[in-house]
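One structure is given here, and the rest of the page talks about it.
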Amino acid sequence: MATLVVALKRLLRNFQAVPRSPRTTTPSTPTMSQHVAAMNRKNLQKLAETLSKSARHFTRHEVESLIRLYNTIVGRPIDPHSRGGIDRNTFRNILHNTFTMTDDMIMDRVFRGFDKDNDSYISVTEWIEGLSVFLRGTLDEKIKYCFEVYDLNGDGFISREEMFHMLKNSLLKQPTEEDPDEGIKDLVEITLKKMDHDHDSKLSYSDFEKAVREENLLLEAFGPCLPDSKSIMAFESQAFAEPGDL
């Protein structure tokens, strides 16, 4: 037992006598998630720089915020060149819940107005460029946008039948003894007299543009397809808020 104790003491003295090399700290290497995050930030900034040139009503910072919102809605970052994005039902929910739209026909047409390539999804590019007009468009841009919404079959005219369907959907449905369809037909005739400058019983883009320039209130003559100022302010205050402000 004594021999074991002596051996342990000698071993301990030898260990303490060995000079210890100074401890060095190696710089930590970035993790894979940090690499991915840095790459995503770089891609986001590059995409925002590109889109801020085509969506000229937004700053680059605002475009970055809208891309982040888009990724949140879709559930993942989307490659602007790949198929997929915000589908019809998701977009209709945004129009209804955020911008208080209720007319199914108009909401469907607004979706088509955003979905420029007609692939049934709104890409990140279509999202940014569409919102640029939807939220902050000039009168010229809004005239073009509204005409495309109201031209239901895309033939370049707003026909009597299209006016009838849109007005029937947009007017409040109230019980009345009179035939409501007759009242809507009368309203279509009044609208044509006001807006059909070349008297061909349908509205061309030129007819629509001229009428709206003469009376701006006719811009949404066939149903609300643009957000009101209150909805715009509410959306932008959330979309463009700094993370710490939320």
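Tabulated data for the structure shown
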| item | result |
| --- | --- |
| Spatially proximal lysines relative to K53 (Cα-Cα < 21 Å; intrachain offsets below 8 disregarded) | K42, K116, K142, K144 |
| Gained length - R88 relative to N118, 0.36 nm times residue gap less alpha-carbon distance | 9.7 nm |
| Mean accessible surface per residue for the range 120-169, computed with a 1.4 Å probe while every protein chain stays in place, in Å² | 38 Å² |
| The range 56-133 and the range 147-219: distance between their alpha carbon centers, rounded to Å | 27 Å |
| FRET efficiency estimate (nearest 0.05) - Cβ-Cβ, L171 to H197, R0 30 angstrom | 0.75 |
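The values are calculated or read from the model by the stated rules, or taken from the named source; none is laboratory data. Please read these numbers as outputs of a predicted model, since none were measured by experiment. Positions of Cβ are backbone-derived with ideal geometry, glycine not excepted, and every protein chain shown enters the neighbour counts. Heavy atoms of the whole protein, side chains included, go into the accessibility calculation; ligands, DNA and RNA do not. Shrake-Rupley method; radii C 1.70, N 1.55, O 1.52, S 1.80 Å.
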